[in-house]
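Just so you know, all these numbers are worked out from the coordinates, no wet-lab data involved. Fair warning: this is a prediction, and the values are worked out from it, not measured in the lab. For neighbour counting, all protein chains shown are included, and Cβ atoms are generated from backbone atoms with ideal geometry for every residue, glycine included.
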Protein chains: 2
Amino acid sequence: MPRPLTSVFLGLSLDGCIAGPGGDLSFLDTVTTDPPEDTGFATLLRTVDALVMGRTTYETVAAFDPWPYEGKRTLVLTHRPLAARAGIETRGGPLADILEALGNEGVAHVYLDGGDVVRQALTADLVDRLTLSWVPVVLGKGMRLFDGDLPTRCFKLEGTSQFPSGLAQARYVRG
Amino acid sequence: MPRPLTSVFLGLSLDGCIAGPGGDLSFLDTVTTDPPEDTGFATLLRTVDALVMGRTTYETVAAFDPWPYEGKRTLVLTHRPLAARAGIETRGGPLADILEALGNEGVAHVYLDGGDVVRQALTADLVDRLTLSWVPVVLGKGMRLFDGDLPTRCFKLEGTSQFPSGLAQARYVRG
């Protein structure tokens, strides 16, 4: 079986932060609306068979109530024991191997979540679809998505959108 | 006189670099078309009375032939002597003072160019209009626009555009 299609869908500040210092996500408040804007994330979630996220992202998301990915197969990449909620799987080792194993199980489309997994995926050239939604703020400091040394990766722009909240979105596929 | 309106208009990689290592601008080649796309930069240039740029940016731009800003008043921020082409002015001191002096001379609209000047302007809250055009590449390493510690600055999204070259543009005003 081929490895699954992979999608990344992240919100970030204009200076590329996916969280403020200490993982502070309050910068997202300015673009959180009720009802939520249709940024395409709900549609993406419906089309993926599994989520793969790092431990930090899992622990952040697990603090939400209710768990936002109910009914969706979720794998957490970690090398340490994790007291995870029922149904959550853990995996260690290279992302390429994990995706290959998922492909062999018939998983066709995986959502890669969190800065660490996205950096691993970029490094291993495993990002097929990349959607970035910029929050209209320069945070100035925080946790950068594209941190550290990464290889150069080219993408192809599929489209842009603007939202009343101020989100600016660009959708890319592998270049 | 009030200080002039300030505009920033920059191209950057998805990971926020305005140049690769050593000032390499070749990542812009992928979005350089003939004829050039109408990204709004030519229109902006027509509406500004003066350009303010840092020394590094000046030296980069001065290597171009012909000088792309012919007939436009240009100030270079530097504290060291500069063997500049005829007509180029140099200034030292805080950006706020330089802009105030320009306002007193009747200058209404200034284009702020280059990473160093933009960071100074963000720090001093002197950015009125901010247009970012993302090149569809993760460079992985290079000179980041939003480098170092900056204060948090909010903007208001005015619109987004996509271009056939793959540029994704978002236009902001002071938030």
_Just to check your reading of the model, which residue among B:V138, B:V107 is touching a residue at least 40 places away in the same chain (Cβ under 8 Å) and within 14 Å of another protein chain (Cβ to nearest Cβ)?_
B:V138
*Restrict the check to the range B:94-104 and report whether at least one residue is charged (D, E, K, R) and either buried (at least 17 other Cβ atoms within 10 Å of the Cβ) or touching a residue at least 40 places away in the same chain (Cβ under 8 Å) (or both).*
yes
*Could you list all residues from the range B:84-126 that are closer than 17 Å to B:R55 by Cα, over 13 Å from the mean Cα position of the chain (by Cα) and acidic (D, E)?*
B:E89
*Could you grab the pairs with beta carbons closer than 6 Å, sequence gap of 6+ or different chains, first residue in the range B:20-32 and more than 14 Å from B:L145 (Cβ to Cβ), second one surrounded by 13 or more Cβ atoms within 10 Å (Cβ to Cβ) and of a type in the set (A, V, I, L, M, F, W, C)?*
B:V31/B:V135; B:V31/B:L167
_Looking at B:G11, B:G87, can you tell me which residue is within 14 Å of chain A (Cβ to nearest Cβ) and either part of a strand (DSSP E or B) or surrounded by fewer than 19 Cβ atoms within 10 Å (Cβ to Cβ) (or both)?_
B:G11
*Which of the residues spanning the range A:114-133 are crowded, with 23+ Cβ neighbours inside 10 Å and more than 14 Å from chain B (Cβ to nearest Cβ)?*
A:G114, A:V117
*asked:* Can you find, within the range A:141-171, the residue that is nearest to B:A121 (Cα to Cα) among those that are more than 18 Å from the chain's Cα centre (by Cα) and more than 7 Å from chain B (Cβ to nearest Cβ)?
replied: A:S165
*Test: B:T74 is under 29 Å from B:L167 (Cβ atoms), surrounded by fewer than 20 Cβ atoms within 10 Å (Cβ to Cβ) and among the polar types (S, T, N, Q)*: no
